[in-house]
Amino acid sequence: PYFDRQWALKKIEASDAWNIETGDPSVIIAVIDTGIDYTHPDISDNVWINNGEDINHNGRFDNWPFWLNGDIDWRDNDGNGFVDDVIGFNFVSSSPTFIITLPNNAPKDDNGHGTHCAGIASAATDNGIGIAGVSWNCKIMAVKGFDSTGKGVVADLAECIVYAADNNADIISMSWGRYSSSQLEKDALDYAYSKGVILIAAAGNEDIWSKFYPAAYENVIAVAASDESDCRVLLSNWGSNFGSWIDVAAPGTNILSLRAKGTDMYGDGAHIVDKYYYIASGSSMACPHVAGLAALILSKAQRDGLNLKPIEVKTILCSSTDEITSTVYTGVGRINAYKALQKITSVVASLDPLPDEKEEVQGEIKIKGIAEGKNFQQYIVEYGKGIYPTKWTKITESDNPKKGVLALWNTVNLNDGAYTIRLKVKANGNSYEDRVILVVDNKNNTFYVDVNGKKGCRCIQTAVNDAGNGDSIYVYKGTYYENLYIYRSINLSGEDRNNTIVDGNLKPHVVKIYEGSKVKLNGFKIVNSYYSNIWLGYSSLITISNNIIYSSKNSSGILLGRSSNNNISNNIISNNANNGIILLDRSSNNIISANIISNNAGNGILLGIIPTSPYNIISNNIISSNGESGILLLYPSGNRIFGNTIFLNSHSGIHLEGGVSPREPTEIFDNNISHNYYGIYAKSPGYIIYHNNFVNNKENAYAVWPLAMDNRWDDGSMGNYWSDYEERYPNAKENNGVWSIPYRIPGKIIRERDRYPLVKPWKG
Ligand SMILES: [Ca+2]
Ligand SMILES: [Ca+2]
Ligand SMILES: [Ca+2]
Ligand SMILES: [Ca+2]
């Protein structure tokens, strides 16, 4: 009944595929996740049963004690080492409890994620109710490695993998991961792989190039998320990860599947459909589509008398895709079930990994891999320019199967840039393939980008993909609707910062520099991100200069996280929905100078939040008319803030917030601060503030009791200029350029005072 709402199944041509194969109950998909609601009417018939533990022999899991004729007897009846694992097992390390209870290891889904994924792969289908799974009859083994909050630890997950492999799972579906690899987890996966288990995992949703594990291990099929138009998912608030390590894409937006009883993954009630169903998005949902298809492939192969190895299943999956649209690599294409089921045979087309797009290659390259199979006819190795080539050039071909070096490829006389290598294996009258992408960089050169495609390529990201370390990109005037990902050391310049416009189309970021170094970005107008216009994460030695950074919808002009030793200068940063520039999470030793930062709805510059951002220099900026303060400092240590002109900000010129003494004082000097509500609003201790001119602010200074203390308001002999001094201390006498009576900072704290207030404004 819901089939019309399952766009993903139509996209992968599931109906035609089901005319060939609907899945055999002997094929088992282990879903390692938050468990499964095995009572859900749309999956209960497809839940794997461990017959040895089904002690009432009814083919169902009856999760109550044997004395009530259930399956629970607190014994390991089948001797596999696990008690009462009737449909799988709960590996979540249970927290110690003082109430002694008998263990119940049922992998119940208390989160909803696992049931949703299981339904996508193999909901009971054609039973007159609910949704269709990719496979109709294959069994789901419920292996719980994540708790109700979605947290899981590697040790538990490794146990989950080994359990699935030891209990005859054919496929393991893993809709989860993290950005670090683990030897323990890899060993578990290698063990499963050696037993012939097909391993499939989600690529992650952070819209970045970084490897996400377990998807990124070599023996695991990495699945990115695509949308209804067969584009890599890039929405306002998330995007599928990408990169040469991705194998295939599969549908991953607005996927209708099962809702585990009592759960609401997004917690907003809005994604629940008719009580038993749920709409969710992410590469988590893409992954079980591939797992379900792998189950169909195995089922059909079984009927054909074939026992396929994981690498053969992967070959079929990757050789039957439809084209995907993406400016960054998102796998060979989007899976197609119907095409896959027409290509079932025992063939391997597999290329070994080459240096990925973060590295570069030079000279002659050995292309290694495997080209073999039943009724083998021929293999061809070819290359094409770019990440989704339309033209291919043959490197070599052979009528003999081979394992090892398949071809030698000399890149010396090629133009530098990104290339795709494709291995085609012809066997059984069909064609099979694998691809790798790499970047050839034999020389330093400049790539040109032109919106009309006359003087260069049309798309900036294409040039970024082509550029090796040290290369340059020159972008002619025009408006480019792009979201750029920069990860090599390149010099990116626009022809004219008023008219070379990169418009982010309200997608997450316009320019994302993640784990980057020595990137130069200048001469652009960068507008219309959903989050920050420029995002620097874990990056250093980046120079951002002479740009206009304008109108981020929900966040800041420039956001730095964990990024140090960068230089941001001579930019105009205005009209952003939050801060002009924000430094977070140990971003240190950055220089922010000579920018104009105005009309942002939040603060001009925010240095913030524990862990603090130390040792930055903020100098010679013009910071005006921002909706909050000119500069907001939260717990900063050892920063230097000088030479700035700060005026007409709604709250304060400089706002010191956070009641903890810094390890090293931040110095604030030589600034001109005028026409703000507060010139300086001090709500924290330990600053040194001198040689500033506080002129005609509604309140030139205010110290908040009891947090502002031990601030020093002079350099030992000279303090600051306060335009309201004389009206407050009419009897003061001049004494060598300073007034004879200290300037007490307004507020309840008597000790906060400028001992040497200046008679005349300070002039640098
Ligand atoms: Ca039973
Ligand atoms: Ca057992
Ligand atoms: Ca038992
Ligand atoms: Ca180059």
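Within the bounds of the range 446-455, is there any residue that is at pLDDT 95 or above, within 16 Å of ligand 4 (Cβ to nearest atom) and surrounded by fewer than 23 Cβ atoms within 10 Å (Cβ to Cβ)? Scanning the range 446-455, I find at least one residue that is at pLDDT 95 or above, within 16 Å of ligand 4 (Cβ to nearest atom) and surrounded by fewer than 23 Cβ atoms within 10 Å (Cβ to Cβ), so the answer is yes.
In the range 594-697, which strands (runs of 3 or more DSSP E) lie fully inside it and hold 2 or more residues that are free of Cβ contacts under 8 Å to residues at least 60 places away in the same chain and more than 32 Å from the chain's Cα centre (by Cα)? Walk me through it before giving the result.
Details: elements: 596-598, 605-608, 617-619, 622-624, 631-634, 640-642, 645-647, 652-657, 667-669, 672-674, 678-682, 688-690, 693-695.
Qualifying strands (runs of 3 or more DSSP E): 622-624, 640-642, 645-647, 652-657, 667-669, 672-674, 678-682, 688-690.
Could you look through the range 1-12, keep only residues that are in contact with a strand residue (DSSP E or B) (Cβ under 9 Å, 6 or more places away or on another chain), over 17 Å from Ile200 (Cβ atoms) and part of a loop (DSSP other than H, G, I, E, B), and pick out the one that is modelled with the highest pLDDT? Residue satisfying both the conditions and the ranking: Gln6. Within the range 29-84, the set of residues being within 23 Å of Leu293 (Cα to Cα), assigned to a loop (DSSP other than H, G, I, E, B) and not aliphatic (A, V, I, L, M) comprises Thr34, Gly35, Asp37, Tyr38, His40, Pro41, Asp42, Trp48.
Test Val511 against the stated conditions and say whether it is on the phi < 0 side of the Ramachandran plot, under 25 Å from the mean Cα position of the chain (by Cα) and either buried (at least 23 other Cβ atoms within 10 Å of the Cβ) or among the charged types (D, E, K, R) (or both). So that I can check it myself, show each step before the final result.
On the way: on the phi < 0 side of the Ramachandran plot: yes; under 25 Å from the mean Cα position of the chain (by Cα): yes; either buried (at least 23 other Cβ atoms within 10 Å of the Cβ) or among the charged types (D, E, K, R) (or both): yes.
Judged against the criteria, Val511 is a match.
I'd like to check something: does the range 162-170 contain any residue that is within 22 Å of Asn105 (Cα to Cα) and among the β-branched types (Val, Ile, Thr)? Checked the range 162-170: at least one residue is within 22 Å of Asn105 (Cα to Cα) and among the β-branched types (Val, Ile, Thr). Here Thr22 clears all of (1) in a loop (DSSP other than H, G, I, E, B); (2) within 24 Å of Arg334 (Cβ to Cβ); (3) touching a strand residue (DSSP E or B) at 6+ places or on another chain (Cβ under 8 Å) except the condition numbered (3). When the range 34-78 is examined, which residues are found to be of a type in the set (Val, Ile, Thr) and away from ligand 3 (no atom under 16 Å from the Cβ)? Of everything in the range 34-78, those that are of a type in the set (Val, Ile, Thr) and away from ligand 3 (no atom under 16 Å from the Cβ) turn out to be Thr34, Ile36, Thr39, Ile43, Val47.
A quick yes/no check of all residues on (1) without any contact (Cβ under 8 Å) to a residue 24 or more places away in the chain; (2) closer than 18 Å to Asn111 by Cα:
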position: Gly35; (1), (2): no, yes
position: Asp45; (1), (2): no, no
position: Asn56; (1), (2): yes, no
position: Trp74; (1), (2): no, no
position: Asp85; (1), (2): no, no
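Take Gly79 and tell me if it is farther than 23 Å from Phe146 by Cβ, touching a Leu at 6+ places or on another chain (Cβ under 7 Å), of a type outside the set (Val, Ile, Thr) and more than 13 Å from ligand 1 (Cβ to nearest atom). Here the answer is no, as Gly79 does not meet what is asked. For the range 293-311, the condition of being touching a residue at least 12 places away in the same chain (Cβ under 8 Å), more than 29 Å from Ile36 (Cα to Cα), surrounded by fewer than 23 Cβ atoms within 10 Å (Cβ to Cβ) and aliphatic (A, V, I, L, M) holds for at least one residue.
Total residues in the range 321-380 satisfying the condition of being modelled with pLDDT under 95 and in the same structural domain as Val223 (by TED's automatic domain parsing): the figure is 0.
The values are calculated or read from the model by the stated rules, or taken from the named source; none is laboratory data. Quick caveat, the model's predicted, so the values are computed rather than measured. Here Cβ is always computed from backbone atoms with ideal geometry, including for glycine, and neighbour counts include all displayed protein chains.
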